[in-house]
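J.: Supplied in structure tokens, the structure appears directly below.
The values are calculated or read from the model by the stated rules, or taken from the named source; none is laboratory data. Nothing here was measured: the structure is a model prediction, and the numbers come from that model. All Cβ positions, glycine included, derive from the backbone under ideal geometry; neighbour counts span all protein chains shown. All accessible areas refer to the heavy atoms of the entire protein, side chains included, with ligands and DNA or RNA removed. Shrake-Rupley method; radii C 1.70, N 1.55, O 1.52, S 1.80 Å.
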Amino acid sequence: MNADTPDTPGRIVLLTASHRVAPGLLSWPAWRTLHAADRVLCADDAHPQLPYLREAGVTVEIAAPIAEELVGACAGGATVVVVAAGEGEGALTDGLARMAGSGRVAMPDLELLPGSYDLPGARLLDLVEVMDRIRRACPWSSQQTHKGLAKYGIEEAYELVEAIEDGDRDELREELGDVLLQVVFHARIAQEHEEEPFSIDDVAGTIVDKLIHRHPHVFGEERAETPEEVKEHWLRTKAIEKRRASVTDGVPLGQPGLALAAKLASRVRNAGLDVPLPSGDGLGYELLALAVRAEAAGVDPEAALRAAGRAYRDAIRAAEAAGAPDTVEE
């Protein structure tokens, strides 16, 4: 097809494809190259692309040539496409690199042609696959339940908050991954429920539907020009969805006390209710009043107390350092 003279070096094309994209979904340059090639080789007779290539009329030879054989196959200007295995073609590419570096061989043109690329979010599929395998094969993970993992979800959420407040980008990336793991882990466990199973796809589908419904200014005909108008849309659609009997419905009582007080105050304020604070003796009622005052001022009382706690920690360390005895070297 492309042969010229015996001295023409030809062309080697290494065709790769993402295993995270459905087989057969290849780019137009990939299909064009496959159809125009003199030979198409693949070392793996179970390669997931093969049925689709053959269905498209591409003849694929099951062969695993070494570098010298592949270069020889390109003699006369031939184009040979190698469909790369999932783990790549390390031995072949290393051999070609050695031949090219020797300077003693007229090398054909070498081309790496990605037939498909990972889509955004593709690594999430890897996470789901890894979690599935761990759930089946790990003695500890296979025995975990929603209740048993609950404490880890709380811990990971607090570690994420700490990374955000510290401004540590590396820690932020890692802690986001740890929180994501909790979501995927719980979803994997949920698949095994005998009566009401659901999967990570169901979890994702639920939040996608919710986000679309609560953003009519993005996906519908509503308009919102300010963050305040967005919040109004959110609260209105949420109220229609939940149809709660009380503004306190859905407020988890097990959260930290200051956060609980601030959340209740926020619900009261957004509902336009006039609810006087309960009176009583003790620090609890004083802290409640402080939390409500902070929420009204737009201050997160939990974050404010953590910031003060950090300052206190630093002061403690400074005092410890100042009082520590000097180390004397002999």
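J.: Would you count, across region 140-264, every pair of lysines whose alpha carbons are under 19 angstrom apart, provided the pair is eight or more residues apart or spans two chains? Provide the component values of the computation, followed by the final result.
T.: Numbers: 210/231; 210/238; 210/242; 231/242; 231/263; 238/263; 242/263.
Taking region 140-264 as the scope, the lysine pair count is 7.
J.: In whole Å, what three semi-axes, largest first, describe the equivalent ellipsoid of region 34-181 built from its Cα gyration tensor (square root of 5 times each eigenvalue)? List each step's numbers first, then the result.
T.: Numbers: eigenvalues 431, 83, 40 Å².
Output for region 34-181: semi-axes of 46, 20, 14 Å.
J.: Still on this structure: Is region 1-102 best put as rounded, prolate or oblate by its Cα gyration tensor, with a ≥ b ≥ c the root eigenvalues, rounded for a/c under 1.5, and otherwise prolate when a/b is larger than b/c, oblate when not?
T.: Working: a/c = 2.10, a/b = 1.36, b/c = 1.55.
Cα axes put region 1-102 in the oblate bin.
J.: Once a ≥ b ≥ c are taken as the square roots of the eigenvalues of the Cα gyration tensor of region 132-245, is the result rounded (a/c under 1.5), prolate (a/b larger than b/c) or oblate (a/b not larger than b/c)? Don't skip to the answer; put the middle values down first.
T.: On the way: a/c = 2.54, a/b = 1.46, b/c = 1.74.
Since a/c reaches 1.5 but b/c is at least a/b, the shape of region 132-245 is classed as oblate.
J.: Among 47, 154, 316, whose Cα projects farthest towards the positive end of the dipole of the chain, with charges put on the beta-carbon of Lys, Arg (+1) and Asp, Glu (-1)?
T.: Of 47, 154, 316, it is 154.
J.: Follow-up question, since we're still on this one. Taking 0.36 nm per intervening residue step and subtracting the Cα-Cα distance, what contour gain separates residue 174 from residue 190 on full extension? Kindly include the intermediate steps, with their values, before the conclusion.
T.: Working: separation 16, 0.36 × 16 = 5.76 nm, distance 2.45 nm.
Gain on stretching residue 174 to residue 190: 3.3 nm.
J.: Moving to a separate point now. Shape call for region 34-79 from the C-alpha gyration tensor, a ≥ b ≥ c root eigenvalues: rounded (a/c under 1.5), prolate (a/b greater than b/c) or oblate? Write down the numbers at each step before the final one.
T.: Numbers: a/c = 4.03, a/b = 1.46, b/c = 2.76.
It comes out oblate by the Cα gyration axes.
J.: Per residue, how much accessible surface does the chain expose to a 1.4 Å probe? Answer in Å², no decimals. Present the calculation step by step, with values, prior to reporting the outcome.
T.: Numbers: 22010 Å² over 330 residues.
About 67 Å² of surface per residue is accessible.
J.: Here's something else I'd like to know. What does the extension gain come out to for residue 55 and residue 224, with contour length at 0.36 nm per residue minus their alpha carbon separation? If you can, show how the numbers build up before the last one.
T.: On the way: separation 169, 0.36 × 169 = 60.84 nm, distance 5.05 nm.
Result: 55.8 nm gained on full extension.
J.: In whole percent, and with a 1.4 Å probe on the protein chains, what portion of the accessible area of region 37-99 is carbon and sulfur?
T.: Numbers: 1550 of 2980 Å².
Carbon plus sulfur share of accessible area: 52 percent.
J.: So, R0 is 25 Å and r is the distance between the beta-carbons of residue 212 and residue 118; what FRET efficiency does that work out to, to 0.05? Write down the numbers at each step before the final one.
T.: Values: r = 25 Å, r/R0 = 0.99.
That pair, residue 212 with residue 118, gives E of 0.50.
J.: Toward the positive end of the charge dipole of the chain, about the Cα centre and with charges on Cβ (Lys, Arg +1; Asp, Glu -1), which of 258, 301, 208 goes farthest?
T.: Value: 208.
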